[in-house]
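FYI, it's all coordinate maths here, none of it is from the lab. These figures come from a predicted structure and were not determined experimentally. Every residue, glycine as well, gets a Cβ built from its backbone with ideal geometry; the counts of neighbours run over all protein chains shown.
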Amino acid sequence: MSQKPDPQIPRRRFRFFRSVSALVLREMTTTYGRSPGGYLWAVVEPAAGIALLSFIFLLVVRVPAIGDNFPLFFATGLMPFLLFLQLSNLVGMAINYSRVFMAYPAVTFMDVILARFILNGLTILLVTVIVITGIIVVFDLTVILNGQAIMNAICMTFTLAMGVGVLNCYLFTAFPVWQRAWGILMRPMFILAGILFTPEFVPDRYLSYYMANPLPHITSEMRRGFYVTYDAVHVNSLYVYSVALVCGAFGMLLLLRNHKDLAEL
């Protein structure tokens, strides 16, 4: 006697994709759909910020560390930093933001993390492309791109943001005070991430301590992709990926053991 196929199997098979898709749509509506302009502000805000800060720093630092166009130098450092900072913070807030949906058996903590990571990662990456391309077009710059270096910088940024974000997802939820502490710790990173200078300007006796921060590796690698004369000899991609893996693995272990308790906080 033949056994009838279980109609629930396809549902279970695609439940993950349906959950993530639904959460992505909800994220789009709540994050970008409530304000006039929606996605337009996601582009205008960083572009206006770069324009203003470029003008201010141009009055103080007339010649950038590389090249002769300060907005391009500034943007190639700032945009990877913003990508890491915003994405790691948004992933860190995933459980707090979607706790009500985790009451449903079909929604797991990985669903809410991946939904925020996918939507906001692609959004901020698109903004990065638009802003840097706009600078090149407006100033009529001749740029020889190193696609491998640019892709490596983007991959490092995404990987580090995900690893740190997963760890912060546990810490932000279990210890709310850590969110405030993390915000304070990230403020000096605007300078320490290498946005306004390159590691070559750091004195040798402090260079090893400075490069223990994974962010200068990312900004230097990004600039290597836009400046053909910049070698970025201090970049260690393996170190960045290792930091991301350790943070992500530790955060995932904590979430696997405590996600049910965190959802009920």
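Brief remarks follow.
- Contour excess over end-to-end distance, with Cα ends at Asn236 and Asn213 and 0.36 nm allotted per residue: 7.2 nm
- The modelled label-to-label distance for the pair Arg205/Arg18, using points 7 Å beyond Cα in the direction of Cβ, is 6.5 nm.
- Normalised per residue, the volume of the convex hull around the Cα set of the chain (Å³): 177
- Each peptide among 217-226, 192-201, 165-174 gets the average number of other Cβ atoms lying within 10 Å of its residues, and from highest to lowest they stand as 217-226, 165-174, 192-201.
- Between 0 and 90°, nearest 10: helix 39-60 axis offset from the chain longest Cα axis: 30
- Summarising the amide proton neighbourhood of Asn146: residues at separation of 5 or more, or on other chains, whose placed amide H is nearer than 5 Å comprise Phe226.
- Between the Cα long axis of helix 109-138 and the first principal axis of the chain there is an angle of about 30°, rounded to the nearest 10.
- Rounded to the nearest 10 degrees, the inclination of helix 147-174 to the longest alpha-carbon principal axis of the chain is 50 degrees.
- FRET E, pair Met151, Leu253, Förster distance 45 Å, beta-carbon r, rounded to 0.05: 0.95
- The slack in the chain from Leu125 to Leu40, taken as 0.36 nm per residue of separation less the alpha-carbon distance, amounts to 29.2 nm.
- Here the spin labels are modelled as points 7 Å beyond Cα on the Cα-Cβ line, and at Val228 and Val60 they lie 3.3 nm apart.
- Cβ-based exposure ranking for Tyr227, Tyr206, in which fewest neighbours within 10 Å come first: Tyr206, Tyr227
- Note on Arg187 and Leu245: their simple-model spin labels are 3.6 nm apart, each label 7 Å out from Cα toward Cβ.
- If R0 equals 51 Å, the separation of the Cβ atoms of Lys260 and Asp140 corresponds to a calculated FRET efficiency of about 0.35.
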